[in-house]
1. Can you tell me the FRET efficiency between Arg85 and Val58 if r is taken as the Cβ-Cβ distance and R0 is 25 Å, rounded to the nearest 0.05?
2. What nm distance separates the two modelled labels at Trp12 and Leu135, each placed 7 Å from Cα along Cα→Cβ?
3. If contacts are Cα pairs under 8 angstrom and at least 6 residues apart, what is the relative contact order of segment 10-147 in percent?
4. Given +1 on the Cβ of Lys and Arg, -1 on the Cβ of Asp and Glu, and no further charges, what dipole in debye does segment 6-147 carry about its Cα centre, rounded to the nearest 20?
5. Given a Förster radius of 35 Å and the C-beta distance between Asp66 and Trp116 as r, what FRET efficiency does 1/(1 + (r/R0)^6) yield to the nearest 0.05?
Amino acid sequence: MLTRLRRRIGWWAVPVEVLALVGVIQLSLVALIAVLGSEPGPFSWRMFLSVWVFFAAVGTASAWWDRRRGGQEDEPAWRARAPRRLLLGIAIADVWWSATVAASGLSVYQGGLGLWCAVPLTALGVFPLVLLRHLAGRYEQAETAAS
């Protein structure tokens with residue numbers, strides 16, 4: 001049902017998905033702060049960048065390990081026909097979004113970054129991944145149409 005809706009609205013699916021993901025992430029942050037509490041503190045770029053670099057390094061190492069282990073059994077067939085640049089872009093966007101969302105979320109939880117500042121950061125982290133996945137959806141549609 002969601003796939004059909006995504007095809008129907010075309011490129012408008014990208015901002016809709018970005019807004020939906022940002023909303024879910026921010027609501028989960030608000031819930032986390034409400035449950036665990038948070039002590040306000042000053043925003044630190046050093047902490048933000050160190051968390052970003054840590055999550056980027058972990059994401060890169062994890063992606064490298066998965067690729068080194070060989071092909072995934074559940075890997076979709078369209079990935080073999082997709083351009084290498086698109087697959088590389090998706091891999092980079094995976095690392096980018098996880099590091100950016102983790103760093104902005106931790107900064108919000110620590111109290112130094114307000115939710116209104118975290119929303120654009122989260123959107124900047126999620127947008128490349130959603131856009132590239134939308135472009136990859138064309139190869140997936142071609143696979144289903146061919147079969």
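1. On the way: r = 24 Å, r/R0 = 0.97.
With a Förster radius of 25 Å, E is 0.55.
2. 2.3
3. Details: 113 pairs, mean separation 55.4, N = 138.
The normalised contact order for segment 10-147 reaches 40 percent.
4. Working: 13 positive and 9 negative charges, 99 e Å.
Result for segment 6-147 is approximately 480 debye, rounded to the nearest 20.
5. Numbers: r = 36 Å, r/R0 = 1.02.
Efficiency at R0 = 35 Å is approximately 0.45.
None of the figures in this text is laboratory data; all of them are computed from the coordinates on show. Values in this document were obtained by computation on a predicted structure and should not be read as measured data. A quick note on method: Cβ atoms are made from the backbone with ideal geometry, for glycine too, and the neighbour counts reach across all protein chains shown.
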